Amino acid sequence: MERPPESLKSFANRVASLAHTGQSAQVLHLLRFAGFLRAGASEHTALSDVFASEADARPPAEPGHVGVWERREEGGRACFVRRPELMHEWSFWANVPRIEAKGARKRVVLIGESVARGYLYDPEYTPASALEAMLKARLGDDEIEVIDLARINLSYKVTELAISALQLEPDAAVVFAGNNWDVSEPSPSEMLEAEEAMSREGVRGVKRASEAQIARKSRRMFNDIAAAYAERGVPLVWMIPEFNLADWRDPVTNAPHLPGRLNREWLDLLAGAE
């Protein structure tokens, strides 16, 4: 279990000070603002009953579901079909009505975000189709299949998806993700950490705290998925989009052809703006 950030100490001190002076209304307001207060709590609620753990806020696992597909038993075999109640999400995923039961072919699942979805190129071109073509060229058309589980805007829910994908009985998995790892949907302790950093260091402190939060979430995600796949003996390959690498440099940008020396002027203005 990870230790809570140091910022929680100062927050706890503030709450304790208010509670000691009998300012229960202010205590509950502070707890509610920070996201620690359970819904429906009032000034007369016991403090032992008001805290909601961060684990409680996580969506529960849904056995029998993989993304927008749900398990169905047909002829004694399990397939997965799209859930009608999630039709509003179908466009975020591969346009595949059903995932058939595992057969004789080796099965690889590709999991990821927009970059793995082939955003703006899908459905004409997707990384899953490219991966399948390469594997078939190497192993034979009847020896391998790739299940496309990439979703637009997946973010840290890649953990939930990757673990649920084990229900598809993969022989190997590829996770291609990283663009959407950010500080959205912060937990209560992360909000307090950012507040403490702002009060002490200003915006620079918030940047440092945010990067630390991303590192913690990413490390937890890696560990959780890797442990689940290692337990099942399924090889796991991680791919990080090039844009996320530390040595990434944006390519030289220029405007479309402009008359005379306007392209040079455009580049000079760009350099000044940067």
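The values are calculated or read from the model by the stated rules, or taken from the named source; none is laboratory data. These numbers come from a predicted model, not from an experiment. Virtual Cβ from ideal backbone geometry, glycine too; neighbours counted across all protein chains shown. The area values use the complete protein model at the heavy-atom level, side chains included, leaving out ligands, DNA and RNA. Shrake-Rupley method; radii C 1.70, N 1.55, O 1.52, S 1.80 Å.
Taking a Cβ cut-off of under 14 Å around Ser184, the surrounding Lys, Arg, Asp and Glu residues balance to a net charge of -2, with basic ones at +1 and acidic ones at -1.
Net charge near Val66: determine it from the other residues with C-beta under 14 Å of the C-beta of Val66, scoring Lys and Arg +1 and Asp and Glu -1. Surrounding charge for Val66 is +2. A 1.4 Å probe, protein heavy atoms only, puts the accessible area of Glu100 near 100 Å². Per residue, the solvent-accessible area of region 69-116 (1.4 Å probe, heavy atoms of protein chains only, all protein chains present) comes to 53 Å².
Using a 1.4 Å probe on the protein heavy atoms only, what accessible surface does Ser210 show? Give it in Å² to the nearest 10. Its heavy atoms expose roughly 30 Å² to the probe.
Remark: relative contact order (region 141-274) = 31 percent; criterion is Cα-Cα distance under 8 angstrom and separation of 6 or more residues. Of the heavy-atom accessible surface of region 125-274 (probe 1.4 angstrom), what whole percent is carbon and sulfur? Here carbon and sulfur together make up 56 percent of the probe-accessible area.
Spatially, region 68-144 and region 179-258 are offset by 27 Å when compared through their Cα centroids. The stretch between Ala226 and Arg77, if pulled fully straight at 0.36 nm per residue, gains 50.9 nm over its current Cα-Cα span. Sorting Tyr125, Tyr156 on solvent-accessible area from highest to lowest, probe radius 1.4 Å, gives Tyr125, Tyr156. The mean sequence distance of close C-alpha pairs (under 8 Å, at least 6 residues apart), as a share of the length of region 154-225, puts its relative contact order at 43 percent.
A simple spin-label model places pseudo-atoms 7 Å from Cα toward Cβ; at Ser218 and Glu89 they are separated by 2.5 nm.
Between Met239 and Lys106, the contour length at 0.36 nm per residue exceeds the alpha carbon distance by 45.8 nm. Ordered from highest to lowest accessible area with the whole protein assembly present and a 1.4 Å probe, Phe176, Phe222 read as Phe222, Phe176.
The heavy atoms of Glu62 offer some 90 square angstrom of accessible surface to a 1.4 angstrom probe. Residues Val237, Val66, Val252 ordered from highest to lowest accessible area at a 1.4 Å probe: Val252, Val237, Val66.
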